[in-house]
1. May I ask you to evaluate 6.51 cos²θ - 1.76 cosθ + 1.60, the Karplus curve with θ = phi - 60°, for each residue of the range 186-195 and list the ³J(HN,Hα) values in order in whole Hz, giving x for glycine and proline?
2. Hey, which lysines would be in cross-link range of residue 203, C-alpha to C-alpha under 20 Å, not counting anything within fewer than 8 residues on its own chain?
3. What is the set of long-range amide H partners of residue 225 at a cut-off below 5 Å, with H atoms built 1.01 Å from backbone N?
4. Rounded, prolate or oblate: which fits the range 166-246, taking a ≥ b ≥ c as square roots of the Cα gyration tensor eigenvalues, rounded meaning a/c under 1.5, else prolate when a/b beats b/c?
5. Output wanted: per-residue J couplings in Hz (rounded whole) for the range 145-150, from phi through Karplus 6.51 cos²θ - 1.76 cosθ + 1.60, θ = phi - 60°, x for Gly and Pro.
6. Can you run phi through the Karplus equation (6.51, -1.76, 1.60; θ = phi - 60°) for the range 112-121 and list ³J(HN,Hα) in whole Hz, with x for Gly and Pro?
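Any read-out appearing in this document is the output of simple, stated calculations on the displayed coordinates, not a laboratory observation. Treat the numbers as computed from the prediction; the structure is a model and nothing was measured.
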Amino acid sequence: MRLTGRRESDNVEDRRGLSSGAKAGIGGIGGIIMIALFTFLSGGNIGDVVTNVAQSGALTGGNEQTQTQGEQHFTEEEQQLAKFSKQILAATEDVWSQEFEKMGRKYTPPTLVLFTSSVQSACGGATAAVGPFYCSGDQKLYIDLSFFSNMKRQLGADGDFAYAYVIAHEVGHHVEYLLGTLGKAHEQMARMNSTDANKVSVKLELLADYYAGVWAHYDNEEYQSLEDGDLEEAIQCAEVIGDNYLQEKARGYSQPETFTHGTSEQRMKWLKLGIETGDMSRTTFQ
């Protein structure tokens with residue numbers, strides 16, 4: 001991506017270097033699926049997945065937290081990733097402010113929280129194992145920057161636009177929150193059995209993928225930010241974080257009734273459609 005000279009967002013809380021006693025969490029784009037993948041690759045079964053997810057804090061809430069400020073030593077790579085993340089957040093602020101204005105609304109940007117190892121949010125505590133996530137309780141998105149290197153090493157997904165897609169996807173959940181879609185979906189999911197709730201979850205994730213594409217469409221229209229290969233990077237990332245891809249890689253088969261984020265084909269389709277059209281009248285959630 002071409003980001004030279006682009007501004008960095010001020011809506012950032014840098015909590016890196018803080019140690020936290022957070023005990024629980026909430027899954028984001030890589031969260032619960034990544035835990036499941038690691039469990040299956042280690043020879044575990046579906047019961048082990050449930051146990052590991054609970055132990056990681058992806059299903060329960062925790063209120064205890066202690067934080068101490070340690071001496072911070074960040075690598076050059078991590079500092080570059082921090083700057084990149086702030087630039088991408090700023091880029092989403094610019095695009096979504098304009099798009100909300102077109103709808104007669106005001107866009108209130110989320111806050112990006114950078115953390116190391118574990119963090120406390122209004123949705124509970126979380127460890128880095130659950131991946132990037134958005135919490136509507138405090139309208140913040142959380143990321144341990146080591147996720148990007150893990151994404152490259154464990155899934156083979158790499159490139160600046162692939163990383164931008166991860167951030168834009170979580171911002172997409174914030175857009176869902178501001179438009180009322182997220183709250184409506186959560187109300188429905190609370191009344192459903194797990195299989196039906198998973199289907200609603202898939203719709204929310206695909207919509208966030210679509211919104212990530214919409215952002216990229218308008219950002220590229222304004223700044224010509226996309227370079228050769230960028231689209232392929234993001235599409236490859238969408239492919240390897242599909243539920244079916246991760247489950248088949250881990251176990252040799254997939255269980256569609258357990259999908260919470262969508263298949264590779266679905267994720268690639270909606271991300272690409274958002275990039276191609278930039279059409280905010282479309283939605284994958286009914």
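1. Karplus-based 3J(HN,Hα) across the range 186-195 equals 5, 5, 5, 5, 5, 9, 10, 6, 4, 5 Hz.
2. Answer for residue 203, where 20 Å is the Cα cut-off: 184, 269, 272, listed by chain and number.
3. Amide H neighbours of residue 225: 220.
4. Oblate is the answer for the range 166-246, as a/c is 1.5 or above yet b/c matches or exceeds a/b.
5. 4, 5, 4, 5, 5, 5
6. My calculation for the range 112-121 gives 8, 10, 8, 9, 10, 6, 8, 7, 10, 10 Hz in order.
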